[in-house]
Number of protein chains: 2
Amino acid sequence: MLNPISINHLKTACSSCSLHELCLPLGLSETEIAQLDQLVNRKRHCKRGDSLYRAGAPFQSLFAIRTGFFKTQVLHDDGREQVTGFHMLGEIMGMDAISSDTHTCDAVALEDSEICEIPFAHLEQLGRDIPALQHHLHKIMSREIVRDHGVMLLLGSMKAEERLAAFLLNLSQRFAARGYSPSAFHLRMTREEIGSYLGLKLETVSRTFSRFQKEGLIAVQNKEVQIKDMTALKALLSQGSH
Amino acid sequence: MLNPISINHLKTACSSCSLHELCLPLGLSETEIAQLDQLVNRKRHCKRGDSLYRAGAPFQSLFAIRTGFFKTQVLHDDGREQVTGFHMLGEIMGMDAISSDTHTCDAVALEDSEICEIPFAHLEQLGRDIPALQHHLHKIMSREIVRDHGVMLLLGSMKAEERLAAFLLNLSQRFAARGYSPSAFHLRMTREEIGSYLGLKLETVSRTFSRFQKEGLIAVQNKEVQIKDMTALKALLSQGSH
DNA sequence: GCAGCCGTTTGATTTAAGTCAAAATCCGTG
DNA sequence: CACGGATTTTGACTTAAATCAAACGGCTGC
């Protein structure tokens, strides 16, 4: 699902913005790239803790992350909240809002971040002129659906250790695809946010980290994680006890 | 999210096929509707137990359910499987496959069903000519994302009783939107399939049904369900203990 | 640089749901 | 219509994760 594409490659492909998810594999002409650049030229900064948008806000634009890290979360009537994803450089947020012209989740920056705003009506217009772009938008939305199904599998049928292993391996892959180390990275989110995403309490997340460390699978110290035994982590996943 | 639209209304809106999800709210011209009809005119029958498609199969078309009932499920390497959704008349399946040109889940008929095949390349082409159709496709994909987020909330933060209540209320709503009774319906799926969808074991599903019955919330007898106290069921959801 | 607060770890205990098992019921098929 | 396999129900017991609680550590802002 994720190709190992270097960060430099990304920067070359799209002039103003490292939107590898939006503009990378299109093979567009120069004119078309220029149109796209124009579409995407509204930049915005978010400080750690800022909401890029909140559930209920009217929908205008998708957002592409240039730099930084976000969580998205849905809120239930009774105040319960569920983190639905963590999002990094090159990923697109806000697609849930298209269906009702209203955002259905909050997007919160977990570190100071820079985003590109993509007015959705313009994007649709441009898609009509550039079939490859239209198709690519569909792929991006479809990828989000596939990702969500993966999370459903995780939440519906895995136990704590498997969930955390899957989480770490997923982050590892995504960092690798962006040219960062797949085996050592900084967690931007708290144990509680990880727990919310994985359907676990924060204490369970913490205990499971500790157990992984004791067993030599990883080294954790606060938010710094180092994967020591990738193979064993993967094994944890595929031979799931059921 | 679901409007109370009668089944007759659906049939009027789209001549060959009750695709309320695809063609209902578009306000298309007659020519445009004719184009759409042509797009959608490949019909297919599925017997109970048949797979409409399987994970790994090449992607060509989306599928709209004319009549019948489906489940979709993703499979994990180790044989574990997770039901990702139950789908009824008027709903569209297969959007997960766009991202990789390969289906990522199985779609299995839970009763004899009739579907319309929608060649996706044609749909994209038509979307370029008919902006309202293009936008509507985006809404449908977005709706799937929102739905999946709802399931993630359910799996990540609800307990067994709440999950089952949410499940029953969701079915109720969807039957109501199609002109069927919201309070008495036939479950097409087994307890095990319900359990897979809700992240519970079949015994837990069965016990929870029994408890609901004892408490007068529903009457169940095998696959026939009758909701006796909708208000109490809803209350179970919104005042969730956490 | 220090105080205070938030986040994390770890332990003891509880509990919701899973597991194992057996009986009952349903349903499709020959 | 009867048989046999599949599905469902219910019970007894186990277990993984939640809860409650306390101590610790590390940022952050003053």
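The values are calculated or read from the model by the stated rules, or taken from the named source; none is laboratory data. Fair warning: this is a prediction, and the values are worked out from it, not measured in the lab. Please note: Cβ atoms are built from the backbone with ideal geometry, for glycine as well, and neighbour counts cover all protein chains shown.
Values computed for the structure shown
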| read-out | value |
| --- | --- |
| Conditions (1) within 16 Å of DNA strand D (Cβ to nearest atom); (2) at pLDDT below 95; (3) more than 11 Å from chain B (Cβ to nearest Cβ): number failed by A:F69 | (2) |
| Residue in segment B:135-151 that is within 18 Å of B:I194 (Cβ to Cβ), within 16 Å of DNA strand C (Cβ to nearest atom), surrounded by fewer than 22 Cβ atoms within 10 Å (Cβ to Cβ) and not charged (D, E, K, R) present | no |
| Filter result for the condition that a residue is farther than 20 Å from B:K234 by Cβ and more than 17 Å from the chain's Cα centre (by Cα), over B:L155, B:L110, B:L123, B:L137 | B:L123 |
| Filter result for the condition that a residue is surrounded by 15 or more Cβ atoms within 10 Å (Cβ to Cβ), without any contact (Cβ under 8 Å) to a residue 12 or more places away in the chain and either touching a helix residue (DSSP H, G or I) at 6+ places or on another chain (Cβ under 9 Å) or more than 14 Å from every other protein chain (Cβ to nearest Cβ) (or both), over A:V220, A:V205 | A:V220 |
| Residue among A:E117, A:E111 that is farther than 26 Å from B:H122 by Cα, away from DNA strand D (no atom under 16 Å from the Cβ), out of contact with any Leu (no Cβ under 7 Å at 6 or more places or on another chain) and not in a helix (DSSP H, G or I) | A:E117 |
| Qualifying residues in segment B:75-107 (those that are over 21 Å from A:L155 (Cβ atoms) and of a type in the set (D, E)) - the one nearest to the other protein chains (Cβ to nearest Cβ) | B:D101 |
| Subset of segment B:199-242 [within 8 Å of DNA strand D (Cβ to nearest atom), in a loop (DSSP other than H, G, I, E, B) and over 22 Å from B:L153 (Cβ atoms)] | B:N222, B:K223 |
| Matching residues, segment A:43-93, being among the charged types (D, E, K, R) and part of a loop (DSSP other than H, G, I, E, B) | A:K47, A:R48, A:D50, A:R54, A:D77, A:D78, A:R80, A:E91 |
| Subset of segment A:165-195 [within 11 Å of DNA strand C (Cβ to nearest atom) and part of a helix (DSSP H, G or I)] | A:R191, A:E192, A:E193, A:I194, A:G195 |
| The one condition in (1) farther than 20 Å from A:F59 by Cβ; (2) at pLDDT below 95; (3) in a helix (DSSP H, G or I) that A:L126 fails to fulfil | (1) |
| From B:Q213, B:Q226, residue being touching a residue at least 24 places away in the same chain (Cβ under 8 Å) and touching a strand residue (DSSP E or B) at 6+ places or on another chain (Cβ under 9 Å) | B:Q226 |
| Meets criteria (surrounded by fewer than 23 Cβ atoms within 10 Å (Cβ to Cβ), away from DNA strand D (no atom under 14 Å from the Cβ), within 16 Å of the chain's Cα centre (by Cα) and farther than 15 Å from B:G156 by Cα) for A:R174 | yes |
| B:S113 vs. criteria under 17 Å from B:V83 (Cβ atoms) and either more than 10 Å from chain A (Cβ to nearest Cβ) or out of contact with any Lys or Arg (no Cβ under 8 Å at 6 or more places or on another chain) (or both) | yes |
| Residues being more than 7 Å from every other protein chain (Cβ to nearest Cβ) and either in contact with a Cys (Cβ under 9 Å, 6 or more places away or on another chain) or assigned to a helix (DSSP H, G or I) (or both) - total across segment B:134-162 | 9 |
| Boolean, A:A107 is closer than 20 Å to A:R178 by Cβ and either at pLDDT 95 or above or aromatic (F, W, Y) (or both) | yes |
| Selection status of A:L62, within 30 Å of B:K234 (Cα to Cα), away from DNA strand C (no atom under 16 Å from the Cβ) and under 20 Å from the mean Cα position of the chain (by Cα) | no |
| Hits in segment B:220-242 - residues which are within 13 Å of DNA strand C (Cβ to nearest atom), under 28 Å from B:V108 (Cβ atoms) and of a type outside the set (S, T, N, Q) | B:V220, B:K223, B:E224, B:V225 |
| Matching residues, segment A:177-193, being within 15 Å of DNA strand D (Cβ to nearest atom) and without any contact (Cβ under 8 Å) to a residue 40 or more places away in the chain | A:H186, A:L187, A:T190, A:R191, A:E192 |
| Selection from segment B:158-171 of residues that are surrounded by fewer than 20 Cβ atoms within 10 Å (Cβ to Cβ) and either more than 18 Å from B:V220 (Cα to Cα) or more than 16 Å from DNA strand D (Cβ to nearest atom) (or both) | B:K159, B:L169, B:N170 |
